[in-house]
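Undergrad: Quick one: the structure is below, questions incoming.
The values are calculated or read from the model by the stated rules, or taken from the named source; none is laboratory data. Because the structure is a prediction, the values reported are computed rather than measured. For neighbour counting, all protein chains shown are included, and Cβ atoms are generated from backbone atoms with ideal geometry for every residue, glycine included.
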Amino acid sequence: MNEAIADLRNIVGTDHVLVDAADQASYLTDWRGRYTGRARAVVRPASATEVAAVVAYCADRGIAIVPQGGNTGLVGGATPDATGDAIVLSTTRMRAVRVVDAVNGTITVDAGCTLAAVQQAALAAGRLFPLSLASEGSCTIGGNLSTNAGGTGVLRYGNTRELCLGIEAVLPDGSLVASLSGLRKDNTGYRWTDLLIGAEGTLGIITGATMKLFAIPRARATAWAAVASARDAVALLALAQDRCGNTLTAFELVSDFAVALVERHFAPLRSPFAERHPQAVLIEVSDHEDEQHARGLLEGLLAPALEHGLVRDAAVADSIAHSRSLWALRENISEAQAAEGKNIKHDISVPISRIADFIESTDAALQLASPGIRMVTFGHVGDGNLHYNVSPPPGMADTDFLKQQPAINRIVHDAVAAHGGSISAEHGIGQLKRDELPRYKDSRELALMRAIKAAIDPRGIMNPGKLL
């Protein structure tokens, strides 16, 4: 081991191979505190060539590698196991914005750039990078690509995969390959870059990427609408798509208990309504005319929805600060859940037309299995993605509640499958759902995934124990 540490330090520098427990600690536990592992070293290269040299060295010696970006994942995908045999390869020193091409509508960045830094670089060039996540100040583009992150703008702009035009990556043998031209049309064979997006670091390490940029909307308008049920929310979505067209940027469902948690733990954030409502929807439109036109689009949607009883109450933000406060009600839900105590998370997707049926039937099944549980349901209804989370009944100890997790997961995931959905919409599989995947993934698809893994990473050194 001492020889390997010395060799790795020769590649990336002495200060960037961490072996002391205190120095490694923040890299060894996932964001939720659910998984903690050990590593022979945390290695922090500063460039793609250094990543290639580290991977080639490890490949020669059969040393496993756990790639890690901002360590904000929710499924344990960037945490090493307990053996201490692997190294953690952190990309957080790789932060360069390489090229911004406003005319081509692209930005090329290192994989360790935070999402917020990419957004800011785009704005400085008069362009928009539309991916938006609650963790954008610390999550990285490499991590976003490795999990095919979604976020709040998928309805209009698509997942991270759809925002990516090219990738630079180091493969498990240490070879560095790049396709960063920013072309929208290139029909010259297999699109190998798509294999790495969503692969959770099991096929290689993304070191750079070329991402799409867009024109900055001249105006945005935000509204918070109270509805009686998820069924009404889905009906409102259909109306919003008819009335607002492609200006509809976000359509987020938030259950009343989720709102109550934010109000409890993030005062003075409050629902805009004095009365409680079972569900709320956060709607945003982005417009290329002006603020008056954007606001008119929302008002033209909400007026008939209120008239016909589809919406119980509505508030349209009258300032940027007001809009931010409405978004804060949505974006602080995960932190509020963590402050409240342990919860059982589900990142699932079902066809939009099945969302209401799924929520109604699965809520009822969970109440039968564990009376008094509380549902923290929120997410991107516009693309069928729900964060369908379960909190314990009042007074139940966290330890007792977590004993129910296997049974609760089975109820939820079986219901997802019955409604034609996926047990992972945007967080990935990681360690958390690895053992459940064979129950819900077609065996032929799994066989194809294993064949690809064996062909690209025959020694199995890339992020072992994750996904497959």
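Undergrad: Kindly provide the set of residues from the stretch 303-339 that are surrounded by 14 or more Cβ atoms within 10 Å (Cβ to Cβ) and polar (S, T, N, Q), ordered by number.
TA: Result: 323, 325, 332, 334, 337.
Undergrad: Among the candidates 79, 91, single out the residue that is among the β-branched types (Val, Ile, Thr), buried (at least 24 other Cβ atoms within 10 Å of the Cβ) and touching a Phe, Trp or Tyr at 6+ places or on another chain (Cβ under 8 Å).
TA: 79
Results for (1) assigned by TED's automatic domain parsing to the domain that holds residue 69; (2) farther than 24 Å from residue 150 by Cα; (3) assigned to a helix (DSSP H, G or I); (4) in contact with a strand residue (DSSP E or B) (Cβ under 6 Å, 6 or more places away or on another chain), shown as yes or no for each residue.
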| residue | (1), (2), (3), (4) |
| --- | --- |
| 211 | no, no, no, yes |
| 233 | no, no, yes, yes |
| 244 | no, no, yes, yes |
| 261 | no, no, yes, no |
| 269 | no, yes, no, no |
| 281 | no, no, no, yes |
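Undergrad: Please report, ordered by residue number, the strands (runs of 3 or more DSSP E) entirely within the stretch 346-395 with at least 2 residues that are free of Cβ contacts under 8 Å to residues at least 60 places away in the same chain and within 26 Å of residue 250 (Cα to Cα).
TA: Those strands (runs of 3 or more DSSP E) span 385-391.
Undergrad: Okay, next question. Report, by residue number, each residue of the stretch 420-468 that is more than 18 Å from residue 203 (Cα to Cα), assigned to a loop (DSSP other than H, G, I, E, B) and among the small types (Gly, Ala, Ser).
TA: 420, 421, 424, 425
Undergrad: A further question on this structure: Tell me, yes or no, whether the stretch 356-369 has at least one residue that is assigned by TED's automatic domain parsing to the domain that holds residue 390, touching a Phe, Trp or Tyr at 6+ places or on another chain (Cβ under 7 Å) and over 20 Å from residue 235 (Cβ atoms).
TA: There is no residue in the stretch 356-369 that is assigned by TED's automatic domain parsing to the domain that holds residue 390, touching a Phe, Trp or Tyr at 6+ places or on another chain (Cβ under 7 Å) and over 20 Å from residue 235 (Cβ atoms).
Undergrad: Return the residue satisfying two criteria in turn: it lies in the stretch 340-360 and is among the aliphatic types (A, V, I, L, M) and surrounded by fewer than 23 Cβ atoms within 10 Å (Cβ to Cβ), and of such residues it is nearest to residue 262 (Cα to Cα).
TA: Step by step, filter the stretch 340-360, then rank; the result is 344.
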